[in-house]
Number of protein chains: 2
Amino acid sequence: MPTKHDVERFFSRGHRQYVPHLSVDCVIFGFHDGDLKLLLLKWKNSDIWVLPGGYVRWRESLDAAAHRVLRERTGLRRLYLKQFHAFGGMDRREGDIRRLFATLGVTAPRTAWPLERVVSIGYYALVDFSKVRPKGDYLSDRCEWCPIEVRPRLAFDHDVIATTALDSLRESLDAGTLEASLLPARFTMPELQRLHEAILGRSLDRRNFQKRMLERRVVERLSLRRAGGAHRSPFLYRFAASRSR
Amino acid sequence: MPTKHDVERFFSRGHRQYVPHLSVDCVIFGFHDGDLKLLLLKWKNSDIWVLPGGYVRWRESLDAAAHRVLRERTGLRRLYLKQFHAFGGMDRREGDIRRLFATLGVTAPRTAWPLERVVSIGYYALVDFSKVRPKGDYLSDRCEWCPIEVRPRLAFDHDVIATTALDSLRESLDAGTLEASLLPARFTMPELQRLHEAILGRSLDRRNFQKRMLERRVVERLSLRRAGGAHRSPFLYRFAASRSR
DNA sequence: CCAAAAGTGTTGCAATTACACCCATGC
DNA sequence: GCATGGGTGTAATTGCAACACTTTTGG
């Protein structure tokens, strides 16, 4: 548990550990129950939700910082991670950041480094929902998956960041290897289809979808079926190691 | 002309004007003589070439900083500008930056702010070659267009930045309005085609290209022809105000 | 036996590709 | 008049979208 002293120390000493004026924010996508979800944090003693993020250490690349944030929040070391945009407006934080720290009982000194202008590098990550163990940081009391359609309003410009991330994800969807990170090793064709539909935000034709996935060797069918469902047992598939297109 | 004193002042006082650890680098594309070109700077007293770039002022968004850099180097106020990637490795500058300042006769103090870690936000710009009046900054003695295929080696990680910019440009080529920024108000169909070929790095079928451009209403034909060429006079075209696709 | 989900094949359209001929101009 | 580049049309192919029937399973 962070004490008031910890937070005050962060204000006074944090710039020795972190590059000031710079942060990474991570839009973490998961897929469960047919819905695309985001991993969000709720700040302590408030209803303020934010994207997981963090500062960049002095001897750490941007990518490494994003990986570290991801690891801290999800427990995962390897995942699909992509930088998609830098957010560098001037009025992105000033107002909110004081409120946030006020809820912790800390009045930020006027000259504190986190109150100054910050440019945030946006990353989005695709993770296997079932492998993630959400874990908040010391400023948050909740760390949860929220369906992307019905998520809480986010602080700062984090709604813009999340929306931009989804747009970026949509654009690079048909590249191929991408969805592998959002699903477990074995999955059914309808599951894969619903993932695509969740990302694209529209429904697809079942038959054409299956045909494309198989013709392009995106996935390989296993000789197993998933039993236990209410209807005909679907085949299981896995992503192909190498593909033609 | 900058004096040694100016540069020393920049080292000691620059952080009052600029956000430290942050810069913008601009990959400026122009099109002339059938070649895609980059606007590059050569540092004084050296053979070191770099991309035009600059620091970000305290009360200036990233986009505004990039626009300012573009205006300073090209004289243009309105142009196509797009942020495409943030470069945040740790070893991007340290070695080179000391050499660069050494050529100016300035030995950088160990603790100078420009020697610390810098994250650079990459922008690419598309400009009308004929309207640009290249103008170097006070650290450079040349500011020139270089064909993208035969350009000098660039310092820092600027070759990576330039290559990434071209990749990004290629991806968003067929969006449409983009090429308008690289050509004068009136142009011929072969000129437009060669621009596309220069961006894509491959040749296109003349007939199919013309068909697409006209069918999709990307361009409008004017009732003028360009005389003076050695062969049949080609029609002139302009970009259509609004297009179907 | 039937509702609901999963698997498969066919057909048509639209967009892209490939390709051949005519026209204008300067030398 | 001929070489060179500019303008136009047509056939073939490919990729995608629309669509109907059969199979399996639990209740």
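Would you list which lysines come within 23 Å of B:LYS4, measuring only between C-alpha atoms, while excluding same-chain residues fewer than 8 positions from it?
The reachable lysines, counting only those whose Cα sits under 23 Å from B:LYS4, are B:LYS42, B:LYS44, B:LYS135.
What is the distance, in nm, between label points placed 7 Å from the Cα along the Cα-to-Cβ direction at B:ARG207 and at A:ALA64?
5.8
Of all the residues in chain B, which one has the C-beta that comes nearest the axis relating B to A, and what is the distance in Å?
Measuring from each Cβ to the axis, the minimum is at B:ALA86, 2.
Computed over the Cα atoms of the stretch A:179-245, what is the convex hull's projected area averaged over all directions, in nm²? Each step should come with its number before you reach the end.
Numbers: hull surface 19.9 nm².
Hull-based average projected area comes out at 5.0 nm².
If one puts a single equal scatterer on every Cα of the protein assembly as shown and applies the Debye formula without solvent, what log₁₀ I(q)/I(0) results at q = 0.07, 0.09, 0.10 Å⁻¹?
Values returned for q = 0.07, 0.09, 0.10 Å⁻¹ are -0.48, -0.77, -0.93.
Once Rh for the stretch A:87-243 is found with the Kirkwood sum over Cα pairs, what is the Stokes-Einstein diffusion coefficient at 4 °C and 1.567 mPa s, in µm²/s?
68
Ranked from highest to lowest mean number of other Cβ atoms within 10 Å per residue, what is the order of the peptides B:20-32, A:103-115, B:40-52, B:182-194?
With the highest mean Cβ count within 10 Å placed first, the list reads B:20-32, B:40-52, B:182-194, A:103-115.
For the stretch B:1-54, what's the radius of gyration and Dmax over Cα atoms, in angstrom?
Here Rg and the maximum Cα pair distance are 15.0, 45 Å.
With the label 7 angstrom out along Cα to Cβ, how close does B:ARG202 come to the same site in each of the other copies, in nm, nearest first?
Result for B:ARG202, in nm, nearest copy first: 2.6.
Which of the lysines could a cross-linker bridge to B:LYS131, judged by Cα under 18 Å and excluding same-chain residues fewer than eight apart?
Hits, sequence-local ones excluded: B:LYS37.
Rounded to the nearest 0.05, what FRET efficiency do A:THR163 and B:HIS5 have when you use their Cβ-Cβ distance and R0 = 30 Å?
It comes out at approximately 0.05.
Provide an ascending nm list, one decimal, of label-point separations from A:ARG99 to the equivalent residue in each further copy; define each label point as 7 Å from Cα along Cα→Cβ.
With the label placed 7 Å along Cα→Cβ, A:ARG99 yields 5.0 nm.
For the stretch A:24-66, compute Rg over Rh where Rg is the Cα radius of gyration and Rh is the Kirkwood radius from the inverse mean 1/r over Cα pairs.
Values: Rg = 13.4 Å, Rh = 12.2 Å.
On the Cα set of the stretch A:24-66, Rg over Rh gives 1.09.
Averaging sequence separations of C-alpha pairs under 8 Å and six or more residues apart, then dividing by the length of the stretch B:79-216, give the relative contact order as a whole percent.
On the way: 105 pairs, mean separation 37.0, N = 138.
Once normalised by length, the contact order is 27 percent.
I'd like to know how the stretch A:1-118 sits against the 2.2 N^0.38 Å rule of thumb: what's its Cα Rg over that expected value?
1.13
Would you pull out the residues with amide H under 5 Å of A:PHE187's amide H, same chain only if 5 or more places away, H placed 1.01 Å from N?
A:TYR237
If r is the Cβ-Cβ distance from A:GLU220 to A:ARG133 and R0 is 22 Å, what FRET efficiency results, to the nearest 0.05?
For R0 = 22 Å, the calculated efficiency reads 0.15.
Is it possible to state the helix-based mean residue ellipticity at 222 nm for chain B, with each DSSP H run of 4+ residues giving -39500 (n - 2.57), the sum divided by total residues, to the nearest 500 deg cm²/dmol? What is it?
Working: 6 runs with 72 residues, N = 245.
The per-residue figure over chain B is -9000 deg cm²/dmol.
What does the average come to when, for each residue of peptide A:81-88, you count the partner chain Cβ atoms lying within 10 Å of its Cβ?
Working: counts 0, 0, 4, 2, 5, 14, 3, 14.
Across A:81-88, the average partner-chain Cβ count within 10 Å equals 5.
Since every read-out is calculated from the coordinates, none of them should be taken as a lab result. Model, not experiment: these values are computed from the prediction. Ideal geometry is used to build each Cβ from the backbone, glycine not excepted, and the neighbour counts take in all protein chains shown.
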